[in-house]
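A.B. asks: Shown below is the structure under consideration.
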Amino acid sequence: MSNSVADFYDQLADDYHLIFGDWQQSVRRQGALLDGIIRREIGAPPLSVLDCTCGIGTQAIGLALHGYTVHATDLSAAAVKRAAREADGFGVSIRTGVADVRKLETQVEGTFDVVISMDNSLPHLLTDDDLAQAARGIATKTRPDGRLIVGMRDYDQALVDKPRSTPPQLVEDANGKHVTFQVWEWQGDEPFYTVNHFILKERDGQWQTAHRTTVYRALRRAELDAALTEAGFRDLQWWMPAESGAYQPILAARRG
Ligand SMILES: C[S@@+](CC[C@H](N)C(=O)[O-])C[C@H]1O[C@@H](n2cnc3c(N)ncnc32)[C@H](O)[C@@H]1O
């Protein structure tokens with residue numbers, strides 16, 4: 001994988017909240033949802049959590065609000081920097097660092113009760129080898145009997161439907177109106193697609209367009225299960241959105 005994923009998220013970091021109708025509310029909602037899963041799976045805080053694809057901190061901050069001790073890392077230095085700033089704004093303390101999920105063993109110290117990777121981050125790993133490295137790295141950071149929680153798009157279904165766009169999301173704040181949406185270009189029959197990510201901003205009646213691209217692998221649940229099982233995870237369980245209330249399928253797995 002080239003640096004283009006880091007570049008994509010570095011450039012998006014200041015605007016990332018615009019992807020959500022109300023990002024602050026999402027932080028609280030996702031924190032509550034993950035707190036519920038962690039309590040069911042392993043117990044109540046204080047517990048240590050590594051969010052190894054934290055972005056601007058959507059889930060890391062949400063869990064810190066529930067009393068977890070959170071270490072938040074990501075490939076994008078700009079996203080990590082914003083996560084630290086946003087945590088201050090929420091009045092919580094999280095530890096942050098830049099780390100590649102494929103190199104966690106050397107780039108992050110210690111082990112954690114829970115490791116999370118939410119909102120479609122692992123499908124940025126385009127090859128089986130990258131996925132295997134990430135699974136092994138995550139396993140080294142999860143204490144024995146600890147849990148991994150992953151959230152990602154329902155690619156089993158997307159590979160059937162082959163969607164070509166996402167619905168527009170309108171956010172209006174003190175700066176004006178913002179519209180975000182994606183246009184997907186599938187690579188023929190291959191399980192890969194280029195995301196054309198658009199942010200339209202209204203400023204003084206004029207609309208500006210920011211367009212960025214990145215590539216995703218439409219990762220089947222069974223493919224992720226196989227990589228994680230190979231890396232030492234057991235008791236893998238998926239919840240679909242109708243069961244969990246989340247907007248994507250969620251996986252919990254125990255480190256054997
Ligand atoms: C869709 S965003 C989700 C971020 C965050 N979990 C959230 O929901 O706000 C995907 C994140 O995965 C990160 N990412 C992609 N590849 C990575 C890698 N190899 N190592 C660490 N982070 C990576 C990106 O930088 C980005 O922040």
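The values are calculated or read from the model by the stated rules, or taken from the named source; none is laboratory data. Fair warning: this is a prediction, and the values are worked out from it, not measured in the lab. In this analysis, Cβ positions are derived from the backbone assuming ideal geometry, glycine residues included, and neighbour counts consider all displayed protein chains.
A.B. asks: List, please: which pairs have Cβ atoms under 9 Å, are six or more places apart or on different chains, and start with a residue in segment 183-197 that is without any contact (Cβ under 8 Å) to a residue 24 or more places away in the chain and among the acidic types (Asp, Glu) and end with one that is in a loop (DSSP other than H, G, I, E, B) and surrounded by fewer than 14 Cβ atoms within 10 Å (Cβ to Cβ)?
C.D. replies: GLU185/ARG164
A.B. asks: Residues in segment 38-61: is at least one under 19 Å from LEU251 (Cα atoms), part of a helix (DSSP H, G or I), among the aliphatic types (A, V, I, L, M) and out of contact with any strand residue (DSSP E or B) (no Cβ under 7 Å at 6 or more places or on another chain)?
C.D. replies: Within segment 38-61, not a single residue is under 19 Å from LEU251 (Cα atoms), part of a helix (DSSP H, G or I), among the aliphatic types (A, V, I, L, M) and out of contact with any strand residue (DSSP E or B) (no Cβ under 7 Å at 6 or more places or on another chain).
A.B. asks: Quick check on segment 66-110: of everything there that is more than 15 Å from the ligand (Cβ to nearest atom) and touching a helix residue (DSSP H, G or I) at 6+ places or on another chain (Cβ under 6 Å), which residue is nearest to ALA227 (Cα to Cα)?
C.D. replies: HIS66
A.B. asks: Anything in segment 1-21 that is more than 9 Å from the ligand (Cβ to nearest atom) and surrounded by fewer than 19 Cβ atoms within 10 Å (Cβ to Cβ)? List them, or say none.
C.D. replies: Answer for segment 1-21, where residues must be more than 9 Å from the ligand (Cβ to nearest atom) and surrounded by fewer than 19 Cβ atoms within 10 Å (Cβ to Cβ): SER2, ASN3, SER4, ASP7, GLN11, ASP14, ASP15, GLY21.
A.B. asks: Filter segment 161-187 down to the residues that are of a type in the set (Gly, Ala, Ser) and more than 21 Å from the chain's Cα centre (by Cα) and list them by number. Quick ask: steps written out before the conclusion?
C.D. replies: First pass over segment 161-187, keeping only residues of a type in the set (Gly, Ala, Ser): 165, 174, 176.
Correct list: ALA174, GLY176.
A.B. asks: Return the pair list, or none, for Cβ contacts closer than 6 Å from residues in segment 71-87 that are in the same structural domain as ALA99 (by TED's automatic domain parsing) to residues that are assigned to a loop (DSSP other than H, G, I, E, B) and of a type in the set (Asp, Glu), at least 6 apart or on different chains.
C.D. replies: LEU75/ASP100
A.B. asks: Next question. Just to be sure before I move on: is THR142 away from the ligand (no atom under 13 Å from the Cβ), in the same structural domain as LEU34 (by TED's automatic domain parsing) and among the hydroxyl-bearing types (Ser, Thr, Tyr) in the structure I sent? Full working, then the answer.
C.D. replies: On the way: away from the ligand (no atom under 13 Å from the Cβ): yes; in the same structural domain as LEU34 (by TED's automatic domain parsing): yes; among the hydroxyl-bearing types (Ser, Thr, Tyr): yes.
So THR142 fits the description; yes.
Matching residues to (1) over 20 Å from ARG212 (Cα atoms); (2) outside the structural domain of ILE250 (by TED's automatic domain parsing); (3) crowded, with 22+ Cβ neighbours inside 10 Å:
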site: TRP23; (1), (2), (3): yes, no, no
site: ILE37; (1), (2), (3): yes, no, no
site: LEU50; (1), (2), (3): yes, no, yes
site: THR53; (1), (2), (3): no, no, yes
